[in-house]
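In what follows, a single structure is set out as structure tokens and then discussed.
The values are calculated or read from the model by the stated rules, or taken from the named source; none is laboratory data. As the structure is a prediction and not an experimental result, all values here were calculated from the model. Ideal geometry is used to build each Cβ from the backbone, glycine not excepted, and the neighbour counts take in all protein chains shown.
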Amino acid sequence: MSELSVNHLLGIKYLNQKDIQLIFETADHFKEVINRPIKKVPSLRDITIANLFFENSTRTKLSFELAEKRLSADVLNFSSSQSSVKKGETLIDTVNNILSMKVDMVVMRHPNPGAGVFLSKHVKASIVNAGDGAHEHPTQALLDSYSIREKLGDVNGKKVVIVGDILHSRVALSNIYALQLQGAQVMVCGPKTLIPKYIDKLGVKVETNLTKALNWCDVANMLRVQNERMDISYFPSTREYTQQFGVNKKLLDSLDKEIVIMHPGPINRGVEITSDVADSKQSIILNQVQNGVAIRMAVIYLLASKIKQ
């Protein structure tokens, strides 16, 4: 049995190609489990996992919770809006209180970049980063790559464009790392104001013309505009953004090839993507959701097997 090179999943930048391969092979196995009549396996019966969400989340939180329950782990859910964090308790105090209940693994979403790394140095538990600010969201990038592999057979050599709000997106950064590790070519496309200054250091192409970007790519990953992270206006209006960077069926049909459409969700229908694109046969958005559970099962299982040693 091969194992991960890391004890935590803090970000894609800490993984190597073999780690990703191992996660995908493990996810293949769990995907088969999820499609059985009895969807549970007793693999983690003696593991307790705490889900700590200091930021709102619906899909990621449900996906992790489902993954943990499918593996028969004991699950503790914690959301900061109903907790002592509101009373000024520090992150380490909160986590240590939870760990004193003998928790083996912590799945955490936090508004501050690097929160998971910080935590991993101070507490004795395996940490899974479920999103830290606008920094990384490793399980989303893994399930995105896994979905591309499932649809196109391989990620290596594929051309993937990430469209939209790159500046505020943790999904974009994790995806860039993951895709490059697997040999894909990556391009970002969006308004200049939403493309970070450091992007050229990451070795990705930059395109501000959506039609050109779509004609170049095999896969387009459409991101939503993260209004909740914006303190100033980055583009004139939503309508103008949609005209320049929204994908509709007419635009898709005008391309000289059929491309794959992805979206990490939640979708702002009619803004970055129209309903007839989101629900079209070129879209693998629902596959991404299903694959999210299998990938998270794989990550938790592989990290837990290191705890047990």
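If a residue counts only when it is among the basic types (Lys, Arg) and buried (at least 18 other Cβ atoms within 10 Å of the Cβ), which helices (runs of 4 or more DSSP H) contained entirely in the stretch 1-102 have at least 1 such residues? Write out each step before concluding.
Values: elements: 17-34, 59-70, 91-99.
Hits in the stretch 1-102: 17-34, 59-70.
Look at Ala213 and say whether it is part of a helix (DSSP H, G or I), out of contact with any helix residue (DSSP H, G or I) (no Cβ under 6 Å at 6 or more places or on another chain), more than 30 Å from Glu68 (Cα to Cα) and modelled with pLDDT of 95 or more. Working first, answer last.
Working: part of a helix (DSSP H, G or I): yes; out of contact with any helix residue (DSSP H, G or I) (no Cβ under 6 Å at 6 or more places or on another chain): yes; more than 30 Å from Glu68 (Cα to Cα): yes; modelled with pLDDT of 95 or more: yes.
Yes; evaluated as a whole, the condition is true for this residue.
Gly183 passes all but one of (1) at pLDDT 95 or above; (2) in a helix (DSSP H, G or I); which number fails?
(2)
Does the stretch 118-156 hold any residues that are of a type in the set (A, V, I, L, M, F, W, C) and modelled with pLDDT of 95 or more, and which are they?
We begin by selecting, within the stretch 118-156, every residue of a type in the set (A, V, I, L, M, F, W, C); these are 118-119, 123, 125, 127-128, 130, 134, 141-143, 148, 152, 155.
Listed by number, the residues that qualify are Ile127, Val128, Ala130, Ala141, Leu142, Leu143, Ile148, Leu152, Val155.
Mind checking which residues of the stretch 173-202 are in contact with a Lys or Arg (Cβ under 9 Å, 6 or more places away or on another chain) and either without any contact (Cβ under 8 Å) to a residue 60 or more places away in the chain or under 30 Å from Ser233 (Cβ atoms) (or both)?
Those that are in contact with a Lys or Arg (Cβ under 9 Å, 6 or more places away or on another chain) and either without any contact (Cβ under 8 Å) to a residue 60 or more places away in the chain or under 30 Å from Ser233 (Cβ atoms) (or both): Leu173, Ser174, Tyr177, Leu179, Gly183, Ala184, Gln185, Val186, Met187, Val188, Cys189.
If you take the residues in the stretch 170-204 that are within 15 Å of the chain's Cα centre (by Cα) and of a type in the set (S, T, N, Q), which one is surrounded by the fewest Cβ atoms within 10 Å (Cβ to Cβ)?
Quick first cut of the stretch 170-204, residues within 15 Å of the chain's Cα centre (by Cα) only: 170-179.
Right, trim to of a type in the set (S, T, N, Q) and you get 174-175.
Numbers: Ser174: 26, Asn175: 30.
Among those residues, the one meeting the criterion is Ser174.
I'd like to check something: does the stretch 273-292 contain any residue that is free of Cβ contacts under 8 Å to residues at least 40 places away in the same chain and on the phi > 0 side of the Ramachandran plot? Explain how you work it out, then say what you get.
Residues of the stretch 273-292 free of Cβ contacts under 8 Å to residues at least 40 places away in the same chain: 274-283, 285-286.
Within this subset, residues satisfying the condition of being on the phi > 0 side of the Ramachandran plot are none.
No, every residue in the stretch 273-292 fails to be free of Cβ contacts under 8 Å to residues at least 40 places away in the same chain and on the phi > 0 side of the Ramachandran plot.
Would the stretch 230-244 turn up any residue that is of a type in the set (A, V, I, L, M, F, W, C), closer than 25 Å to Leu15 by Cα and outside any strand (DSSP E or B)?
Residues of the stretch 230-244 that are of a type in the set (A, V, I, L, M, F, W, C), as a first pass: 230, 232, 235.
So of that shortlist, the ones also closer than 25 Å to Leu15 by Cα come out as none.
No, there is no match, as no residue in the stretch 230-244 is of a type in the set (A, V, I, L, M, F, W, C), closer than 25 Å to Leu15 by Cα and outside any strand (DSSP E or B).
Determine which member of the set Asp276, Asp256 is part of a loop (DSSP other than H, G, I, E, B), touching a helix residue (DSSP H, G or I) at 6+ places or on another chain (Cβ under 7 Å) and farther than 22 Å from Arg170 by Cα. Spell out the reasoning first.
Details: Asp276 fails: part of a loop (DSSP other than H, G, I, E, B).
After applying the criteria, what remains is Asp256.
Of all residues in the stretch 290-309, which are in contact with a helix residue (DSSP H, G or I) (Cβ under 7 Å, 6 or more places away or on another chain) and among the aliphatic types (A, V, I, L, M)?
At the first step, the residues of the stretch 290-309 found to be in contact with a helix residue (DSSP H, G or I) (Cβ under 7 Å, 6 or more places away or on another chain) are 291-302.
Correct list: Val293, Ala294, Ile295, Met297, Ala298, Val299, Ile300, Leu302.
When residues of the stretch 205-228 are filtered for being free of Cβ contacts under 8 Å to residues at least 40 places away in the same chain and of a type in the set (A, V, I, L, M, F, W, C), how many remain? Give the derivation first.
Step one: list which residues in the stretch 205-228 are free of Cβ contacts under 8 Å to residues at least 40 places away in the same chain, which gives 205-206, 208-209, 212, 227-228.
Still in the list and also of a type in the set (A, V, I, L, M, F, W, C): 206.
Matching residues across the stretch 205-228 total 1.
Exactly one condition in (1) in contact with an Asp or Glu (Cβ under 7 Å, 6 or more places away or on another chain); (2) touching a residue at least 40 places away in the same chain (Cβ under 8 Å) is not met by Arg170; state its number.
Unmet for Arg170, out of (1) in contact with an Asp or Glu (Cβ under 7 Å, 6 or more places away or on another chain); (2) touching a residue at least 40 places away in the same chain (Cβ under 8 Å): (2).
Would you confirm, using the coordinates I've provided, whether Ala294 is within 27 Å of Asn56 (Cα to Cα) and in contact with a Lys or Arg (Cβ under 7 Å, 6 or more places away or on another chain)?
On the way: within 27 Å of Asn56 (Cα to Cα): yes; in contact with a Lys or Arg (Cβ under 7 Å, 6 or more places away or on another chain): yes.
Taking the combined requirement at face value, the residue satisfies it.
Under 9 Å between Cβ atoms, which residue pairs at least 6 apart in sequence (or on different chains) link something in the stretch 20-35 that is assigned by TED's automatic domain parsing to the domain that holds Gln182 and more than 13 Å from Val293 (Cβ to Cβ) with a partner that is at pLDDT below 95 and of a type in the set (Ser, Thr, Tyr)?
Going by the 9 Å Cβ cut-off, there are no qualifying pairs.
Table: residues versus (1) crowded, with 24+ Cβ neighbours inside 10 Å; (2) within 18 Å of Ile199 (Cα to Cα); (3) free of Cβ contacts under 8 Å to residues at least 60 places away in the same chain; (4) of a type outside the set (Ser, Thr, Tyr).
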residue: Ile127; (1), (2), (3), (4): yes, no, no, yes
residue: Gly131; (1), (2), (3), (4): yes, no, no, yes
residue: Ala141; (1), (2), (3), (4): yes, yes, no, yes
residue: Arg149; (1), (2), (3), (4): no, no, no, yes
